[in-house]
Amino acid sequence: MNVFFAALATETNSFSSIPTAEAAFALGQRRGEAVFGDRGMYGEMARSLRDLVAAEGGVVSPGVFAFAQPAGPTVQAVYERLRDALLEDLRAALPVDVVMLSLHGAMISQQCWDCEGEILTMVREVVGPSVPVGAVLDPHAHLTDTMIDRATVLCFMKEYPHTDGVARLGDAWRICLATLRGEVDPRAAVHDCKMVSFWPTQSGPMRGVVDRQLAQEGRDGILSISFVHGFPWGDTPVTGAKMLVYADGDPDKAARLATELGREIWDLREETQIRQLSIEAALDRMGAANVGPLVVADIADNAGGGAPADSTFVARAILERGLTDVGLAIFYDPQAVAFCHEVGVGAEIDLRVGGKLGPTSGDPLDVHATVRGLARKATQIGLSGGLVALGDAAWIEVAGVHFILASERTQCFHPTAFTALGLDPTTLRSVVVKSTNHFRAGFDAIATDVVYVDAPGAIRSDFAAIPYRRFTSPYWPKVAAP
């Protein structure tokens with residue numbers, strides 16, 4: 001048995017001014033056998049699939065693996081080069097018994113708003129109608145008819161934070177293997193929830209929703225259940241939340257369950273939303289924190305949603321309030337990092353921090369800082385347990401406030417973003433992380449409490465006010481009863 005495995009993924013923020021071009025994919029790109037030695041997400045997935053396939057007496061033929069941090073639409077020529085590289089690798093691997101892909105689901109290029117649908121269409125043209133094609137995807141995706149029609153099965157991660165990529169890849173593999181053997185006939189149905197929002201799953205009502213869906217899979221002919229959250233800042237004709245169900249040979253059964261589960265999400269719409277504090281209210285909580293760290297999420301400047309990760313709104317307010325024993329991570333500021341490396345640890349330096357990439361970044365902070373720590377090729381632990389690159393990085397202190405600066409743009413996933421520079425976040429009264437919810441996987445273990453701050457930024461969560469052009473369907477919360 002020969003199983004082809006490849007990946008092409010980025011999450012496109014249609015309103016971001018940050019380009020997704022060749023350099024954006026350079027850091028997260030592997031090809032062929034090199035992926036098995038990768039220390040990040042793709043390596044974890046590839047090794048896991050290799051073990052599953054080997055247990056069936058088969059081998060994995062790896063192709064291209066390419067990932068870019070979320071930003072604006074991918075430059076068309078870059079998308080086409082990577083798409084064509086994936087197809088070239090697939091042709092070189094023929095004949096194949098199964099195709100497995102890791103895609104995002106919210107990739108938009110300058111000329112294609114459904115990149116995943118196009119990739120799956122071209123893959124299907126290469127392998128023909130009878131080869132099972134499975135994909136694992138991010139739930140912050142735009143689910144299209146083309147994607148469903150061209151794939152045998154699409155398994156979207158259930159957890160947010162997305163800690164279950166390897167598990168969902170295993171689900172897709174088992175369904176494809178059973179399809180290859182003629183044991184199942186996956187039939188899909190979709191329910192449009194008519195909602196735009198986000199749904200953390202680590203606690204509350206959504207924790208129960210995910211657990212119940214996991215319990216339903218593999219019973220009574222139900223092969224797979226995916227709540228596709230949608231990506232609010234991707235402007236497509238099909239933006240929004242969907243419920244996807246695969247049943248064995250029975251599309252009507254799939255449709256009934258998809259509708260039932262989709263209506264459950266609708267009924268929970270108020271209870272499942274993140275509660276946010278104003279900047280001033282968040283500062284009050286930080287000032288009252290005696291034992292830390294209180295973790296404060298600056299959700300509007302999350303690089304994982306396409307934000308610049310250099311906004312200064314919260315940092316400026318902290319400095320003006322005179323709070324101390326506060327840490328902030330991760331500021332994307334390659335120039336400031338370079339200056340810190342020039343002067344060295346212990347040096348004092350006048351530095352301009354943040355506020356560089358556009359109006360949503362705010363004004364730069366001009367500070368007198370002490371360089372406390374430096375690192376070359378720093379990393380933090382990511383969602384899968386693999387490593388996420390920070391590039392060259394620096395820790396500076398400004399009047400008792402500690403900034404982690406990095407030369408690679410990424411959200412803050414884990415306390416190791418601080419400890420990589422020598423700063424123990426558990427010694428601080430509060431830490432501010434530029435992340436929407438993925439930080440919970442790493443920080444819940446050390447946080448005395450977690451709050452979300454409603455600050456200005458590139459990915460504000462006023463979902464009713466997102467200036468869509470392609471997406472024209474009515475949706476909650478813009479419409480009370482869409």
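Residues that are touching a strand residue (DSSP E or B) at 6+ places or on another chain (Cβ under 8 Å) and farther than 23 Å from Gly170 by Cα within segment 198-230 comprise just one, Trp199.
Summed over segment 277-303, the residues that are open to solvent by 10 Å² or more (accessible area, probe 1.4 Å) and either over 28 Å from Val209 (Cβ atoms) or modelled with pLDDT under 95 (or both) give a count of 12.
For every residue, the table says whether it meets (1) over 17 Å from Gly391 (Cα atoms); (2) buried (at least 16 other Cβ atoms within 10 Å of the Cβ); (3) touching a Pro at 6+ places or on another chain (Cβ under 9 Å).
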{"residue": "Gly327", "(1), (2), (3)": "yes, yes, yes"}
{"residue": "Ala338", "(1), (2), (3)": "no, no, no"}
{"residue": "Gly346", "(1), (2), (3)": "yes, no, no"}
{"residue": "Leu365", "(1), (2), (3)": "yes, yes, no"}
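In summary, Gln111 fulfils each of the numbered conditions (1) part of a loop (DSSP other than H, G, I, E, B); (2) within 27 Å of Gly304 (Cα to Cα); (3) in contact (Cβ under 8 Å) with a residue 40 or more places away in the chain with the single exception of condition (3).
If the condition is being surrounded by fewer than 24 Cβ atoms within 10 Å (Cβ to Cβ) and among the polar types (S, T, N, Q), then segment 93-140 contributes Ser109, Gln110, Gln111, Thr121, Ser130. Of the strands (runs of 3 or more DSSP E) lying entirely inside segment 121-207, the ones with 3 or more residues being closer than 18 Å to Asp97 by Cβ are found at 133-137. If the condition is being open to solvent by less than 30 Å² (accessible area, probe 1.4 Å), in contact with a Phe, Trp or Tyr (Cβ under 7 Å, 6 or more places away or on another chain) and either under 18 Å from Ala378 (Cα atoms) or in contact (Cβ under 8 Å) with a residue 60 or more places away in the chain (or both), then segment 34-56 contributes Tyr42, Gly43, Leu49.
Look at segment 230-259: where a residue is open to solvent by 10 Å² or more (accessible area, probe 1.4 Å) and a partner is assigned to a helix (DSSP H, G or I), sitting 6+ places away or on another chain with Cβ atoms under 8 Å, you get Trp233/Gly305; Lys242/Gly262; Leu257/Gln216.
Within the set Ala85, Ala66, the sole residue that is surrounded by 23 or more Cβ atoms within 10 Å (Cβ to Cβ), within 25 Å of the chain's Cα centre (by Cα), modelled with pLDDT of 95 or more and of a type outside the set (Asp, Glu) turns out to be Ala66. Where helices (runs of 4 or more DSSP H) fall wholly inside segment 249-345, the ranges with 2 or more residues that are over 26 Å from the mean Cα position of the chain (by Cα) and closer than 20 Å to Thr410 by Cα are 334-343. Which residues, taken from segment 167-213, are of a type in the set (Lys, Arg) and in contact with an Asp or Glu (Cβ under 7 Å, 6 or more places away or on another chain)? Arg187 - this is the single residue of segment 167-213 that is of a type in the set (Lys, Arg) and in contact with an Asp or Glu (Cβ under 7 Å, 6 or more places away or on another chain).
Mind telling me which of the residues Leu261, Leu257, Leu223 ends up being under 18 Å from Phe198 (Cα atoms) and modelled with pLDDT of 95 or more? None of the others qualify; the one that does is Leu261.
So which residues in segment 348-357 are under 24 Å from the mean Cα position of the chain (by Cα) and open to solvent by less than 20 Å² (accessible area, probe 1.4 Å)? Answer for segment 348-357, where residues must be under 24 Å from the mean Cα position of the chain (by Cα) and open to solvent by less than 20 Å² (accessible area, probe 1.4 Å): Gly354, Gly355. Based on this model, can you work out whether Glu80 counts as modelled with pLDDT of 95 or more, crowded, with 20+ Cβ neighbours inside 10 Å and either among the hydrophobic types (A, V, I, L, M, F, W, C) or within 21 Å of Ala21 (Cβ to Cβ) (or both)? So Glu80 fails the test.
In segment 188-210, the condition of being open to solvent by 30 Å² or more (accessible area, probe 1.4 Å) and under 15 Å from Val133 (Cβ atoms) is met by at least one residue. Of the residues that make up segment 407-417, is at least one of a type in the set (Val, Ile, Thr) and modelled with pLDDT of 95 or more? Yes, segment 407-417 contains at least one residue that is of a type in the set (Val, Ile, Thr) and modelled with pLDDT of 95 or more. Say we look at segment 141-160 and pick out the residues that are in contact with a Pro (Cβ under 8 Å, 6 or more places away or on another chain) and of a type outside the set (Ser, Thr, Tyr); which of these is surrounded by the fewest Cβ atoms within 10 Å (Cβ to Cβ)? Per the stated criteria, the residue is Lys158.
Within segment 10-23, the set of residues being in contact with a strand residue (DSSP E or B) (Cβ under 8 Å, 6 or more places away or on another chain), open to solvent by 10 Å² or more (accessible area, probe 1.4 Å) and modelled with pLDDT of 95 or more comprises Ala21 only. For the residues Val479, Val388, Val401, the requirement of being closer than 21 Å to Leu323 by Cα and among the β-branched types (Val, Ile, Thr) singles out Val401.
The values are calculated or read from the model by the stated rules, or taken from the named source; none is laboratory data. Keep in mind it's a predicted model, so treat the numbers as computed, not measured. Note: ideal-geometry Cβ built from the backbone for every residue, glycine included; neighbour counts use all protein chains shown. When the accessible area is computed, the model is the full protein with side chains, heavy atoms only, and any ligands, DNA or RNA have been set aside. Shrake-Rupley method; radii C 1.70, N 1.55, O 1.52, S 1.80 Å.
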